[in-house]
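Please read the structure below before turning to the comments.
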Amino acid sequence: MSLYSDSTQPGSAAIPIVAPTAEKDSSKNSVLNSKTRTCRNLIIHGYCKYEGKGCEFKHDISKTTSPPNGPEITKSTKLSVNSPVFKPANVLSTIPPEVVNAPPFIPKNNQVNPTSVPGSPQQQLFYDSGDQDMSSYDSTTGHYSSQLSSASFLMSSVNSASQGLNALANSFASLGLNNSTTDFVVPDTLQETSPNNMNFFSTSNQMDQMEPFLYQSQKAILPQPLQYHLYSSPLSHVSNLHPHQKTIHAFFMSDNLREELQRKNDVTLRSVNAKDLNLPEEIHVYHSLYPLDFRQEKSIKNFGYPSWAYKSICSVDGRVYSLRRIGGFRLTNELAMSSIENWRRIRHANIVSIREAFTTKAFGDHSLVVVYDYHPLSQTLFDKHFSSLHTPNQLIQGGVSGDNVPESVLWSYIIQLTSAIKTIHSTGLAARMIESTKILITNKNSRIRVNCCGILDMINYDGGKNIPHYQQDDLLNFGKLIISLACNSLSSVHNPKSIDFISRHYSPDFKNVTLYLLSKPSPTKSIDDVVTMIGTRILHEINGVHHYNDFLESELSQELENGRLVRLLCKFGFINERPEFDMDPSWSETGDRYLIKLFRDYVFHQVDEHGYPVIDMSHVLVCLNKLDAGIDERIMLVSRDEQSCLIVSYKEIKNCIDSAFRDLSRK
Ligand SMILES: Nc1ncnc2c1ncn2[C@@H]1O[C@H](COP(=O)(O)OP(=O)(O)OP(=O)(O)O)[C@@H](O)[C@H]1O
């Protein structure tokens, strides 16, 4: 069915325009009327760069008494990304009279010129990003054009945000909330900083200024609710990328980080058939056991018993934990289990947290199981620094290798381990596990955590009387670990050349800390001294951590809007091309559904001037964001046969989608 009949249908907000015939008529009229007609550039962009340079149309809006004539569609063209946003001047005629006559919202005491229309070129708008440079809009740049840049999207969003807020305020007005008893008042302090009241919440300072006002004054300020869909993050910097790269990069988190997180998810979700590995289906509240270490030979060096590590899911909270099984251990003293309580209280970024401990016979023997947090894709310090670089022979010979670990990495390890040990010793405990196979590297950023704490306290329970002695051992083992990492050899502590090697390859500070840690245990030797010695290095570490935090936060912001846009795309998917409603007049291609279909074409099926598909992610994201915001900007939708076109606003399309989706949910 043709578009002409569409427009006459009640409820359709679209403006039908027939392209081919309009050309002749308007070209005749334009000669006659050009002096009296308002320049279209002025209507679309707010200014005309040919004003006074030959443009024959009228540029003085103030003298306009009636709406200017409609725009001419001179030619029906293929859809193109570069098509200008079409803003017909006769749009007023299609807007219902009650909307046209609605009084503009003017907050009391507002300094904004009441005659300025939201979105008009004279108006300064602010984007609520907290960034002053980003937020102001220079009307002379004319960013309201349809160029699909991030800047134009931002400003359109801001424009619609302003309109949204005003509309919201109007709706408050209609509820009678801004009558004489409950005035909607903008404090003077805010007026000075936010001429159009867009940045009410932009800084905490302003909130501070508002609060006394809120509580002390009789007059109430109505805080505007956040309009989440208007705060999408600015698009990334893409100017130095080729068009084909824009579809991959720039809009989402970096590939490296994505891959790392996905690999973590992958290992977290791995499972085996328990029976195949002769494992119990369930122990206590834990099921789906998966071995973290497939090595057959089990060393008894660390605990005096063989130990196994399993990943497992807790049926109580559904989370994944690491179970450490100590095989063949028989609990003789019940008090030993209580020693875990002190460990359970410790929460530290560099210590693998303990959840609980229990004994079980589910493995066919008497086993002690200690439950720790699970850190996917972690690696022990031994695996990272010793296993691949050395043959077993080299490890035994204790040779000093030239392939040394960078000092910055070693400082990071020293600082993190010092922090962990300081917390443990301050709690009156000893780590007893400062050993390369029991320290996990849990991400690429050299983040380490001490693993398997508390086990020896249970196995060799002594009521805690030897803690001072074990604390001294912690410092000594710390020193041994550092020297072996620095010299790349586990037995370097017995090699007299090791200190020479450190003097040559590392800074004096590093050597001093190592020597202190390796010095003879004494009651005065304490982790506090190490903290003092590494003070300035801690500042570097904090700086690095903050930088990494910033990096992660900016990566996160790239993904912030995905859920919202996916929901919108799902709605599209539900509505478009439903075969079962083909013959249903209320769901046919002649109603609002046709508009949605054309919009889908506009977003996804554009072609360039050569007829090739335009695969431009930024165009899609910009369109979807504008649609979700429901802004007043109008676009021209062209039918597939290019015989007709419709001019509609995003707001109207949004209403169509909402109502179509509601219809669908009701069916
Ligand atoms: N809490 C945990 N979260 C994630 N992975 C862990 C956890 N604890 C241990 N692992 C993984 O399990 C593997 C085996 O750990 P384990 O402590 O048994 O090391 P090991 O080198 O085999 O020591 P040992 O010689 O004492 O058996 C390690 O490679 C480590 O990556």
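The values are calculated or read from the model by the stated rules, or taken from the named source; none is laboratory data. The structure displayed is predicted, hence computed values, not measured ones. Quick reminder, even Gly has a Cβ in these numbers, built from the backbone with ideal geometry, and neighbours come from all protein chains shown.
Regarding segment 312-329, can at least one residue be identified that is under 42 Å from the mean Cα position of the chain (by Cα), more than 9 Å from the ligand (Cβ to nearest atom), surrounded by 12 or more Cβ atoms within 10 Å (Cβ to Cβ) and more than 21 Å from Leu269 (Cα to Cα)?
Yes, there is a match, as at least one residue in segment 312-329 is under 42 Å from the mean Cα position of the chain (by Cα), more than 9 Å from the ligand (Cβ to nearest atom), surrounded by 12 or more Cβ atoms within 10 Å (Cβ to Cβ) and more than 21 Å from Leu269 (Cα to Cα).
Do you know which of the residues in segment 330-341 that are without any contact (Cβ under 8 Å) to a residue 24 or more places away in the chain and assigned to a loop (DSSP other than H, G, I, E, B) is nearest to the ligand (Cβ to nearest atom)?
Start the filter on segment 330-341 by keeping residues that are without any contact (Cβ under 8 Å) to a residue 24 or more places away in the chain, which leaves 332, 334, 338, 341.
Next, from what is left, pick out any that are assigned to a loop (DSSP other than H, G, I, E, B): 332, 334.
Working: Thr332: 23, Glu334: 26 Å.
Residue satisfying both the conditions and the ranking: Thr332.
With (1) within 38 Å of the chain's Cα centre (by Cα); (2) surrounded by fewer than 17 Cβ atoms within 10 Å (Cβ to Cβ) as the list, and Pro496 as the residue in question, which single condition is left unmet?
Of everything listed in (1) within 38 Å of the chain's Cα centre (by Cα); (2) surrounded by fewer than 17 Cβ atoms within 10 Å (Cβ to Cβ), Pro496 misses just condition (1).
Test Leu476 against the stated conditions and say whether it is within 21 Å of Asp529 (Cβ to Cβ), modelled with pLDDT of 95 or more, in the same structural domain as Ser412 (by TED's automatic domain parsing) and within 16 Å of the ligand (Cβ to nearest atom). So that I can check it myself, show each step before the final result.
Details: within 21 Å of Asp529 (Cβ to Cβ): yes; modelled with pLDDT of 95 or more: yes; in the same structural domain as Ser412 (by TED's automatic domain parsing): yes; within 16 Å of the ligand (Cβ to nearest atom): no.
The answer is no for Leu476.
Which residue out of Thr437, Thr442 is in a strand (DSSP E or B) and either within 11 Å of the ligand (Cβ to nearest atom) or in the same structural domain as Leu335 (by TED's automatic domain parsing) (or both)?
Values: Thr437 fails: in a strand (DSSP E or B).
Unique residue meeting the criteria: Thr442.
Might you let me know whether segment 631-640 holds any residue that is out of contact with any helix residue (DSSP H, G or I) (no Cβ under 9 Å at 6 or more places or on another chain), loosely packed, with under 14 Cβ neighbours inside 10 Å and in contact (Cβ under 8 Å) with a residue 12 or more places away in the chain? First the steps, then the outcome.
Taking segment 631-640 and keeping what is out of contact with any helix residue (DSSP H, G or I) (no Cβ under 9 Å at 6 or more places or on another chain), we get none.
Looking through segment 631-640, none of the residues is out of contact with any helix residue (DSSP H, G or I) (no Cβ under 9 Å at 6 or more places or on another chain), loosely packed, with under 14 Cβ neighbours inside 10 Å and in contact (Cβ under 8 Å) with a residue 12 or more places away in the chain.
Out of the residues in segment 283-311 that are among the charged types (D, E, K, R) and modelled with pLDDT under 95, which is farthest from the ligand (Cβ to nearest atom)?
Restricting to residues being among the charged types (D, E, K, R) and modelled with pLDDT under 95, the top hit is Glu297.
State all residues of segment 351-378 that are part of a loop (DSSP other than H, G, I, E, B), more than 8 Å from the ligand (Cβ to nearest atom) and under 18 Å from Glu282 (Cα atoms); if no residue qualifies, say none.
Hits for segment 351-378 are Lys361, Ala362, Phe363, Gly364, Asp365, His366.
Pairs only if they're at least six apart or on different chains, beta carbon under 9 angstrom, first in segment 293-305 and in the same structural domain as Arg330 (by TED's automatic domain parsing), second acidic (Asp, Glu) and surrounded by 13 or more Cβ atoms within 10 Å (Cβ to Cβ); list them, first residue then second.
If the second residue must be acidic (Asp, Glu) and surrounded by 13 or more Cβ atoms within 10 Å (Cβ to Cβ), the pairs left are Lys301/Glu435; Asn302/Glu435.
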